[in-house]
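Remarks on the structure that follows.
The values are calculated or read from the model by the stated rules, or taken from the named source; none is laboratory data. This one's a predicted model, so the numbers in the text were calculated from it and none came from an experiment. Glycine also receives a Cβ, built like all others from the backbone with ideal geometry; neighbour counts cover every protein chain displayed.
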Amino acid sequence: MGYIKELRKLVGSRPIIMVGASVMVLDSKSRILLQLRTDNNCWGLPGGSMELGESLEDVAMRELHEETNLIANELSLFNVYSGKELYYRYPHGDEVYNVVATFICKNYNGELMADKNEVSSLEFFSIDDLPSNISPPELPILTDYIQNHRGK
């Protein structure tokens, strides 16, 4: 997160617009991979902020690999999210208005392994049995996915 760290040195913790990507990894049973975040102890999608010069697809692939050890062989854009619902105040005080491109990945390989700096646990969940403690910026994304895919 070099770019954001450098930006934070200039602006402190006040709200910034943070562009990034997340990945909804689906297994053969259409379960969603979630990670238990170490910063807020909530479940969320693998993902993170864009570095200078990256495409949104680059961000999605990099973050997926860094946080889960999985390599995306194919990504498809699900949706782009922004607005008041994507505002978030991190436990350490930094404030962001997220702009997130969410990708779906069904074709991946690698051995699932959590990045212990950011992730406590990795688990696949059925859309009918998601944990209650979803990270606030991820809630609109997961809600949108569930509303569009329940029963499919």
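Consider the stretch 24-44. How many of its residues are farther than 13 Å from S120 by Cα and in contact with a helix residue (DSSP H, G or I) (Cβ under 9 Å, 6 or more places away or on another chain)? Lay out the reasoning, then the answer.
Start the filter on the stretch 24-44 by keeping residues that are farther than 13 Å from S120 by Cα, which leaves 24-33.
Add one more test, that the residue is in contact with a helix residue (DSSP H, G or I) (Cβ under 9 Å, 6 or more places away or on another chain), and what stays is 24-25, 30, 32-33.
So the answer is 5.
Sort out which residues of the stretch 85-113 are farther than 13 Å from M18 by Cα and either modelled with pLDDT under 95 or surrounded by fewer than 17 Cβ atoms within 10 Å (Cβ to Cβ) (or both), and write them in order of number. Spell out the reasoning first.
Applying the first criterion (farther than 13 Å from M18 by Cα) to the stretch 85-113 yields 85, 91-93, 102-113.
Matches in the stretch 85-113: E85, P91, H92, G93, K106, N107, N109, G110, E111, L112, M113.
Under the condition of being touching a residue at least 24 places away in the same chain (Cβ under 8 Å) and over 16 Å from L112 (Cβ atoms), the residues counted in the stretch 62-86 number 9.
Sort out which residues of the stretch 117-144 are of a type in the set (V, I, T) and surrounded by fewer than 14 Cβ atoms within 10 Å (Cβ to Cβ), and write them in order of number. Step through it out loud before you land on a result.
As a first pass, look at the stretch 117-144 and keep what is of a type in the set (V, I, T): 119, 127, 134, 141, 143.
Matches in the stretch 117-144: T143 only.
Just to be sure, is R37 among the charged types (D, E, K, R) and farther than 21 Å from Y97 by Cα? No, not satisfied.
The selection criterion, being within 22 Å of L56 (Cα to Cα), acidic (D, E) and either assigned to a strand (DSSP E or B) or modelled with pLDDT of 95 or more (or both), holds for D144. Under the condition of being at positive phi and aromatic (F, W, Y), the residues counted in the stretch 76-102 number 0.
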